[in-house]
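Derivation of every value follows stated rules applied to the coordinates shown; laboratory data play no part. Note that the coordinates shown come from a computational prediction; the quantities given were computed from them, not determined experimentally. When we count neighbours, we look across all protein chains shown, and the Cβ atoms used for this are built from the backbone with ideal geometry, even at glycine.
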Amino acid sequence: MARLRLGLFTLIVFIVSTFAPVAAQDAAPPITLTLAGYAVPREAYGDIIPLFQSYWQEQTGQQVIVLESYQASGAQSRAVASGFEADVIALSLQPDIQSLVDAGLVSADWKEDNDYQGFATQSLVVLAVRPDNPRGILDWADLAQEDIEIITPDPATSGGAQWNILAAAGAAQRGFVAGYEGESGGAKFLRALIGNIAVLDRDGRESFLTFERGIGDVAITYENEVYAGLAVGGEYSLIYPTSTILIENPVAVVDSYVDLHGTREVAEAFVNFLWSPDAQRAFANRGFRPVNPLVRVEYGIADADVEVTPDPQAAPAVVERNPDITFPAVTDLFTIAEFGGWSEARPAYFSEEGIFTQIIAEAQGG
Amino acid sequence: MRETEARSPVAIALIIGVLGYAALLFIAPLLAMINGAFAKGLEPLLATFQDPSVIHAFQVTLLLSFAAVVINTLLGLTTAWVLVRHRFRGRNLFDTLVDIPFVFSPVIAGYAMIVLFGRNGWLAPPLFPIVFAFPGILLAKVFVSLPFIIREVQPVLEALTPEPEDAAYTIGASRWTTFRRVVLPEIWTALLYGIVLTFARAIGEFGAVTVISGNIEGYTETATSFVFRALNDRNNTGAYGVSVLLCLFSVVILIAMNALRGRIIHKEP
Amino acid sequence: MTQIPLSYPTGQGAVAVKRAQAPSFGAWGLRFIALTYLGAFILVPLIVIQVQGVRFGLDVFWQSITRPEATSAILLSLYTSAIMAALNTVIGTLTAYVLVRYRFPGKRLFNMLIDLPFAIPTLVIGVMLVLLYGPQTPIGRFFDTTLDIQILFAVPGIVLALLLVGYPFVIRAVQPVLLQMDFSQTEAAQTIGASAWTTFWRVIFPALRPAIVTGALLSFARSLGEFGSIIVVAGNIPMRSQMGTVYVYTQVEAGNLQAASSVSMVLLLIAFGVTVGIDLLKWRRHA
């Protein structure tokens, strides 16, 4: 009886101690950094984190453990707001960081002093079709055809989905979709497009996987996501529309949590590291368009009025260029400014009364 | 009803139909999954099982499920006892409550926890992190597997005649001794069956955990979360491999269920 | 005694409280523990959901459940669960009958496998189905191109997943009843010349009916809350292939907690109503 009690007691102590909070780490022992990312950059960060770990080890002699979590941008943002104590947050679009600013977790000046306005990577909204393109899809207008099945994620949770919808609407508004030009053309085109959506997945990754599994004729997705699929042997063709939106993905330090955990130094170092040439090359190798001008030149992205003089003193590149990745230009590239910025675009398209929400209710309701 | 040999064409047709349906419904998919796990050969599969994040995910799942079983056994037994043996106002209400986790979408359970213990939650700030940490996962597992032990033990308790216990009391046995020596042996099989069901349900829980754990890879990820993540990582071998392993656990649980079920049926008057 | 793991009546059939002297503290202590346990784990989430659902007033509550997407999701859940329950009733009864009545090779193994859907994580069930019936598999492609039926990511896939999840319910409800059935009645029926079918329909089936109904209703209630397998196999198009539980999940992830709560409440009330109905049926039988 006594032994049973002792055993029970030990068991309880053991179980309770498993849940004891992990105390904030002191300097010398390994430090833990939690990264909350949106869905698609998981492989890219998988490459960058070891680079950062050796960099930090060299600089401070300290080992850093990085815990990662990836899910839809909107969902991730909300998770952090409700108590997911991430130190660094890397999301698909700026408003998802803004909501954390509003929640008091990220300071309002998160992107000040940053040459890139807090954007670590860029991408484009592109189309992916089956290898021989049996439906002959070449541009946005083809998506409005009868009987085409479109795959795109759900804007309610996915940042990528919002980029997709705005790319379509913007292309039409700017007159690049035959038959749907002009202001009203955008909404009209969306109506046609939305009627053809076959599956609405939670995030960009799940959406593209659905396409890979054989559903749909065309997927609207990030350029980097198609590259990610191609890298592991996926079979589809990447199609660049004539007009598309420039995707810019922000990264920030979550001030409240880094101060709580005592990880500010490491977190800020990590975020700054993302703009270093090697990290940018790592991103580029996974299909994310780099923002660092030097790396942009290396990967063949021509920027009109930017003069880049390679620094002869710079450290040699650790990361080799992936020859399968190219970043062609598109005929017409616009940004979120086309819609007056996210503060206008989001409510206009994705709120309860937003254009997208309304159209979905109508189109599917029949 | 007595067993007979299947002779008539109707009988044979029925058997084939029934077995065929089962084959199509789950035996074939199960085989397909085993096939999928081995699709790239044995090497990648073994590599999966040696992957530290897989091992960790299983540790998390098994440890927390075990803890959930312990909690639900102790508290569930108590509850079954109280519901059967005590009379008080509102007892029937509480009794009906027990079925709720069975029909409650687990996602909502997870989300209720966030509302309670999350950053701006009703009971915030908690002493230690609950949501997006292990305690939250444990609570989720306790919730979804709550009804099984209670519902298995209740009818057996109800069917017990008072004489043996009364006899024990009259010879001076304490309540605890009476329970241990008179009642427990009677309900033991049902209790074990309930424990097995509880364990199965706790291991398999996904919906609540997905909302509440943050799915931090290699940390708060459970085995089922790992499967989900592996699918998203295009790591099919990993996804199918871990799924097959989970199924192996399920088969062991199945065998236990079957053995116990047989004993329960044979014990009936 | 049925072997379904849930929903037993209490109260009138309960054994009388022990007559021996027991310290009242112990009794109250136990009661406190039990009620706190149930209260904390069940009442509290229920209250949270309710409060979240109606926090902006009843009219907003009403609005959020009458929105087209919400209604469609709830109806899809009801519709698919009902189809599943109906199919399951027939197949489950036949399966139980076959298991009890006939000897055949592999019967013991088969009997054990029946419980597999209880034991496997629901997410794994979904993964299994996609692997065999997904659009790139031979079977999925066949259905798609030849019969123009899309299995997965459409309603048939949902029903398929629910059938798997609900498979054991009717079988395990009916089996014990069949096992304990009085054989003399069926023999009597057969000696007066009734065919096998008539015997089944007139003699066996009426005795099974309560168990069948219980099993079917349980599987129905279970399906309303099913999530893990559905999230993998359903298409999640609002108003076309989005189930109630997935709608709730999407709303939670999208931050519309009020909408998520209200639809959950509706689903919960329906499922709960069904389980109460099962309890009532049992009361009537025992009374």
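For the pair B:Thr161 and C:Ala188, what calculated FRET efficiency results from E = 1/(1 + (r/R0)^6), where r is the Cβ-Cβ distance and R0 = 35 Å, to the nearest 0.05? According to the calculation, E is roughly 0.55.
Can you pull the percent of Cα pairs in region A:18-144 with separation above 24 Å? Tail of the P(r) past 24 Å holds 47 percent of the pairs.
Quotient of the Cα radius of gyration of region C:216-257 and 2.2 N^0.38 Å, N being its number of residues: 1.22. Take each residue in C:105-116, count the other chain C-beta atoms within 10 Å of its C-beta, and the mean is 5.
The magnitude of the dipole of region C:57-286, with charges of +1 and -1 set on the Cβ of Lys/Arg and Asp/Glu and taken from the Cα centre, is near 700 debye. If R0 is taken as 41 Å, the Cβ-Cβ distance between C:Ala86 and A:Arg135 corresponds to a FRET efficiency of 0.60. When the helices of chain B are scored as -39500 (n - 2.57) per DSSP H run of n ≥ 4 and the total is divided over every residue, the value at 222 nm lands at -23000 deg cm²/dmol.
Database remark: amide H of A:Val66 closer than 5 angstrom to the amide H of A:Leu33 (H placed geometrically; neighbours at sequence offset of 5 or more, or on other chains; Pro and chain starts carry no H). Take the Cα of B:Ile55, go 7 Å toward its beta carbon, and the backbone nitrogen atoms of region B:232-254 under 17 Å from that spot belong to B:242.
For the protein assembly as shown, a simple Cβ point-charge model (Lys and Arg +1, Asp and Glu -1, everything else neutral) yields a dipole of about 5820 debye relative to the Cα centre. Computed 3J(HN,Hα) for region C:101-113, one whole-Hz value per residue from the Karplus formula 6.51 cos²θ - 1.76 cosθ + 1.60 where θ = phi - 60°, is 7, 10, 9, 7, x, x, 5, 5, 4, 4, 4, 6, 5, glycine and proline marked x. Among C:Leu147, C:Leu218, B:Leu14, the order by Cβ neighbours within 10 angstrom, fewest to most, reads C:Leu147, B:Leu14, C:Leu218.
Pairs of C-alpha atoms in region A:244-358 farther apart than 23 Å represent 51 percent of all such pairs. Helices of chain A meeting both criteria, an alpha-carbon length of 20 angstrom or more along the long axis and an average Kyte-Doolittle score not below -0.5, with helices taken as full DSSP H segments, are A:2-18, A:159-173. With a 10 Å cut-off around each Cβ of C:240-253, the average count of Cβ atoms from other chains is 6. Of all DSSP bridge pairs formed entirely within the protein assembly as shown, close to 50 percent run antiparallel. Going from the fewest other Cβ atoms within 10 Å to the most, the residues A:Thr157, C:Thr214 appear in the order C:Thr214, A:Thr157. Out of C:Leu87, C:Val170, C:Ser229, whose Cα points farthest toward the positive end of the dipole of region C:57-286 (charges: +1 Lys, Arg; -1 Asp, Glu; placed on Cβ)? The one lying farthest along the dipole's positive direction is C:Val170. Scalar couplings 3J(HN,Hα) for region B:94-100, obtained by applying the Karplus form with A = 6.51, B = -1.76, C = 1.60 to θ = phi - 60°, are 5, 5, 5, 4, 4, 6, 4 Hz; x denotes Gly and Pro. Taking θ as phi - 60° and the Karplus parameters 6.51, -1.76 and 1.60, the scalar couplings of region A:234-250 work out to x, 10, 6, 9, 8, 10, 8, x, 5, 10, 7, 9, 8, 8, 10, 9, x Hz in sequence order, x denoting glycine and proline. Put simply, the Cα atoms of chain A extend 79, 65, 40 Å along their principal axes, the longest span coming first. Cβ crowding within 10 Å ranks C:Arg202, B:Arg151 as C:Arg202, B:Arg151, fewest other Cβ atoms first. Annotation: extensible slack from B:Arg263 through B:Phe179 equals 28.1 nm (criterion: 0.36 nm per residue apart, minus Cα-Cα distance). Placing pseudo-labels 7 Å out from each Cα toward the beta carbon at B:Ile16 and C:Arg55 gives an inter-label distance of 6.0 nm. Note: region C:57-286, Cα convex hull, 157 Å³ per residue. If you model the protein assembly as shown as an ellipsoid using its alpha carbon gyration tensor, with each semi-axis the square root of five times an eigenvalue, the axes come out at 51, 33, 25 Å, biggest first. A simple spin-label model places the labels of A:Ala302 and C:Leu280 7.7 nm from each other, with each point 7 Å out along Cα-to-Cβ. If you find the alpha carbon centre of region B:1-78 and of region A:242-310, how far apart are they in angstrom? One Cα centre to the other: 45 Å. Based on every Cα atom in region B:1-133, Rg and the maximum pairwise Cα distance Dmax equal 24.0, 69 Å. Taking packing as the residue-averaged number of other Cβ atoms within 10 angstrom, the listed peptides C:89-98, A:54-63 run from highest to lowest as C:89-98, A:54-63. Here the sum of -39500 (n - 2.57) over DSSP H runs of 4 or more residues, divided by the residues of chain C, equals -22500 deg cm²/dmol at 222 nm, to the nearest 500. For the listed peptides A:120-128, B:96-104, a ranking on the average number of other beta carbons within 10 Å per residue, highest first, reads A:120-128, B:96-104.
Computed over the alpha-carbon pairs of region C:50-112, the distance histogram in 5 Å steps reads 4, 14, 13, 12, 10, 9, 8, 7, 8, 7, 6, 3, 0 percent, short to long. Over all pairs of different C-alpha atoms in chain B, the reciprocal of the mean inverse distance, the Kirkwood hydrodynamic radius, equals 21.4 Å.
With a simple spin-label model that places each label point 7 Å from the Cα along the Cα-to-Cβ direction, the separation between B:Thr170 and B:Arg87 comes to 2.3 nm. Put a plus charge on the Cβ of each Lys and Arg, a minus charge on the Cβ of each Asp and Glu, and nothing anywhere else: the dipole of region C:66-141 about its Cα centre is then about 340 debye. Between region C:34-56 and region B:208-269, the C-alpha centres lie 28 angstrom from each other. The Stokes-Einstein estimate for region B:132-269, based on a Kirkwood radius over Cα pairs and taken at 10 °C with 1.306 mPa s viscosity, is a diffusion coefficient of 90 µm²/s.
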